[in-house]
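Written below as structure tokens is the structure these notes are about.
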């Protein structure tokens, strides 16, 4: 088992830190490094910008259900391109592995690295993939662990937006 996977599993099991499941966007302006690849701009990105519906996708390159999840997220992204903030987050340290995964699975939105598990812990992520939908007020409106279909994700985004 590689080092990134062991570290994620240790934290998810509660070893090495407390998982504080944050249900609010009041995250202290948490920012992560985004990769410059495909639809991801590189630089620093906010995890949950204020006043927008936010979809956070916690994934890993070694996670089998994370691969088909990319197809569903790409369809969601096409539908909500301007009004919804979509960010995929990997706790892996191997930038090249994440870049390769992103290209292979045709990511068209920002992908950020969370090697220190700041976002992972803040949002209480224990298994992958995990999707979160936050409303414009910053409150967590929906959490799904495992593969989620694009139709369900779209419905939860619309619900979080008040529509």
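The values are calculated or read from the model by the stated rules, or taken from the named source; none is laboratory data. Keep in mind that this is a model prediction, so the values were computed, not measured. Positions of Cβ are generated from backbone atoms using ideal geometry, with glycine treated the same way; all protein chains shown enter the neighbour counts.
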Notebook entry, point to check: Within region 117-130, is there a residue that is part of a strand (DSSP E or B), crowded, with 17+ Cβ neighbours inside 10 Å and in contact with a strand residue (DSSP E or B) (Cβ under 8 Å, 6 or more places away or on another chain)?
Noted result: yes
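With the condition kept exactly as written, say whether any residue in region 95-106 is in a loop (DSSP other than H, G, I, E, B) and under 15 Å from residue 132 (Cβ atoms).
No, that holds for no residue.
Would you tally the residues in region 39-50 being within 24 Å of residue 157 (Cα to Cα) and surrounded by fewer than 22 Cβ atoms within 10 Å (Cβ to Cβ)? Steps first, answer last, please.
The first filter runs over region 39-50 and keeps only residues within 24 Å of residue 157 (Cα to Cα), leaving 39-41, 45-50.
This time we only want the ones that are surrounded by fewer than 22 Cβ atoms within 10 Å (Cβ to Cβ), so: 39-41, 45-46, 49-50.
Number of matching residues: 7.
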Notebook entry, point to check: Residue check: is residue 137 over 19 Å from residue 162 (Cα atoms) and either surrounded by fewer than 18 Cβ atoms within 10 Å (Cβ to Cβ) or at pLDDT below 95 (or both)?
Noted result: no
Item checked: All positions within region 83-113 that are over 22 Å from residue 160 (Cβ atoms), within 11 Å of the chain's Cα centre (by Cα) and surrounded by fewer than 22 Cβ atoms within 10 Å (Cβ to Cβ) -> 113
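Let's see how each residue does on (1) modelled with pLDDT of 95 or more; (2) touching a helix residue (DSSP H, G or I) at 6+ places or on another chain (Cβ under 8 Å); (3) part of a helix (DSSP H, G or I):
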site	(1), (2), (3)
6	no, no, yes
23	no, no, no
35	yes, yes, no
41	no, no, no
69	yes, no, yes
74	yes, no, yes
88	yes, yes, no
93	yes, yes, no
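Tally up the residues in region 79-101 that are under 22 Å from residue 157 (Cβ atoms) and touching a residue at least 24 places away in the same chain (Cβ under 8 Å), please.
So the answer is 10.
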Next item on the list: Those residues that are free of Cβ contacts under 8 Å to residues at least 12 places away in the same chain and under 12 Å from the mean Cα position of the chain (by Cα), I need them from region 114-130; list them, please.
Entry: none
Next item on the list: Scan region 139-163 residue by residue and report those that are in a strand (DSSP E or B) and under 18 Å from residue 75 (Cα atoms).
Entry: 144
Margin query: What are the pairs with Cβ atoms under 8 angstrom where one residue, in region 143-163, is without any contact (Cβ under 8 Å) to a residue 40 or more places away in the chain and the other, located anywhere, is loosely packed, with under 14 Cβ neighbours inside 10 Å? Sequence gap at least six, or different chains.
Written below: 145/127
Note to self: Just to be sure I understand, how many residues within region 51-67 are closer than 17 Å to residue 157 by Cβ and out of contact with any helix residue (DSSP H, G or I) (no Cβ under 7 Å at 6 or more places or on another chain)?
What the structure shows: 4
